[in-house]
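Data block below; observations after.
The values are calculated or read from the model by the stated rules, or taken from the named source; none is laboratory data. Since we're looking at a predicted model, the values are computed, not measured. Neighbour counts run over all protein chains shown; Cβ positions are idealised from the backbone, glycine included.
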Amino acid sequence: MTPGEVRQGPNLAGVYGRKAGTVPGFKYSAGFADADWTWDEAHLDPYLANPQSVIKGGVMGYRQAKPDVRQSIIAYLKEQQ
Ligand code: HEM
């Protein structure tokens, strides 16, 4: 991708409990090749705080610094599973 480009992310429906990097047809950054976990609280919280701390070279531009807001987002995703 072009540096600085804002790219839409993969569909998040059912992401809680799904193996990372597995939405069919979505072209993830290379770091997802090593992502051998399913998305749960323990993985989503640091990912939302700083995606590149979890996925080396990842391209998600969204960051949420507030722990309480991350908790609300994770609770929402959990509800949608
Ligand atoms: C509350 C907001 C958001 C949440 C909870 C969220 C969550 C996630 C999660 C869990 C993944 C990994 C999905 C998977 O393994 O299938 C992901 C990937 C991604 N997201 Fe987000 N995201 C959010 C906002 C955004 C926004 C605003 C953008 C861009 C405008 C974005 C762009 C991306 C991209 C490009 C990827 C793929 C990253 C890569 O290939 O390295 N996300 N997001």
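Within segment 61-79, residues that are within 17 Å of residue 51 (Cα to Cα) have Cβ atoms under 7 Å from residues that are part of a loop (DSSP other than H, G, I, E, B) in these pairs: 61/6; 63/50; 70/64; 73/64; 77/12; 77/15; 77/16, counting only partners at least 6 apart in sequence or on another chain.
For beta carbons closer than 9 Å, sequence separation of 6+ or different chains, a first residue in segment 1-15 that is under 11 Å from residue 60 (Cβ atoms) and a second that is surrounded by fewer than 10 Cβ atoms within 10 Å (Cβ to Cβ) and at pLDDT below 90, the qualifying pairs are 7/1. Scanning segment 10-21 for residues being surrounded by 14 or more Cβ atoms within 10 Å (Cβ to Cβ) and either within 14 Å of residue 42 (Cα to Cα) or small (Gly, Ala, Ser) (or both) gives a total of 5.
Taken over segment 24-46, the criterion of being near the ligand (Cβ under 9 Å from one of its atoms) and in contact (Cβ under 8 Å) with a residue 24 or more places away in the chain is satisfied by 29, 30, 31, 32, 39, 44. Report whether or not residue 8 is touching a Lys or Arg at 6+ places or on another chain (Cβ under 8 Å), within 23 Å of residue 81 (Cα to Cα) and part of a loop (DSSP other than H, G, I, E, B). Criteria not met by residue 8.
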